[in-house]
Amino acid sequence: MFYGASVWDPWLIVAQIVCLQCLYYLTLGFFLSFLVGTRVSHLTLVYFFDFATITTSTVTGCCVIASLLLTSFAGAGYMVFLIERAKKCLDFSATLYIIHLFKCIIYGGWPSSITWWVVNGTGFAVMALLGEYLCIKRELREIPIARSRSTVWTGRDVLGTDSV
């Protein structure tokens, strides 16, 4: 994709949002299964969407917090490959966390825990800032130009005779 030509493609944007959201929840499920799944008898959607499970007073709650924060680091890495532009990272991170907020409201009601807001705010900041940093690093990489013998000018014309 050429960065100079900015064409508004709503289907691409929706596809990127859906892919980022799916990867976010798959990664969250992966981390929850290892950190929380070993501590509880049944890993349910409560640990994904209920604000009451995000607490610092229990070890399981701390494992949920760690899972959410590790997922935000992974989400920043996903944005490097899905979004590819540093200036779009904030928008996609905000969209992801707003959709997550709506899912949490539908599942367990309005998050009244200050811990939930701090953890999700930190996750949002990590995903947006680290994603921008990684995308900027990728955008500023030098473009490798391979120089082979056939592409180097040798001073000979097409027929193989000296042109000088």
Pick from GLY77, GLY108, GLY123: which residue has the top mean-square fluctuation in a GNM of the chain where Cα pairs under 10 Å get a spring?
GLY108
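For the chain, what is one quarter of the convex hull surface built on the Cα atoms, given in nm²?
Numbers: hull surface 58.0 nm².
That works out to 14.5 nm², a quarter of the Cα hull's surface.
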Explain nothing, just the number: relative contact order of the chain, from Cα pairs under 8 Å at least 6 residues apart, as a whole percent.
25
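Determine the gain in length on full extension of the stretch PHE34-VAL59; use 0.36 nm per residue of separation and subtract their C-alpha separation, reporting nm with one decimal. Write out the running numbers ahead of the final one.
Numbers: separation 25, 0.36 × 25 = 9.00 nm, distance 1.36 nm.
Taking 0.36 nm per residue and subtracting the Cα distance, the gain is 7.6 nm.
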Straight-line reach from LYS137: which lysines have a Cα under 20 Å away, not including same-chain ones fewer than 8 places off?
LYS87, LYS88
Length gained if LEU12 through TYR133 is fully extended, taking 0.36 nm per residue and subtracting the Cα-Cα distance, is 41.3 nm
Karplus ³J(HN,Hα) for the range 94-104 (6.51 cos²θ - 1.76 cosθ + 1.60, θ = phi - 60°; Hz, whole; x = Gly/Pro) runs 4, 4, 4, 6, 5, 4, 4, 4, 4, 5, 5
Counting only DSSP loop positions in the range 18-123, the trypsin sites (Lys or Arg not before Pro) whose Cβ has at most 14 other Cβ atoms within 10 Å are ARG39
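Using a Förster distance of 45 Å, how high is the FRET efficiency between ILE99 and GLU142, based on the Cβ-Cβ distance and rounded to 0.05? Write out the running numbers ahead of the final one.
Values: r = 36 Å, r/R0 = 0.81.
The pair ILE99/GLU142 has a calculated efficiency of 0.80.
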Using +1 at the C-beta of Lys and Arg and -1 at the C-beta of Asp and Glu, which of THR122, TRP8, THR60 has the Cα lying farthest in the positive direction of the dipole of the chain?
THR60
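Quick note: the coordinates plus some simple rules give every number you see, no bench work behind them. These numbers come from a predicted model, not from an experiment. Cβ atoms come from the backbone with ideal geometry, glycine included; neighbour counts cover every protein chain shown.
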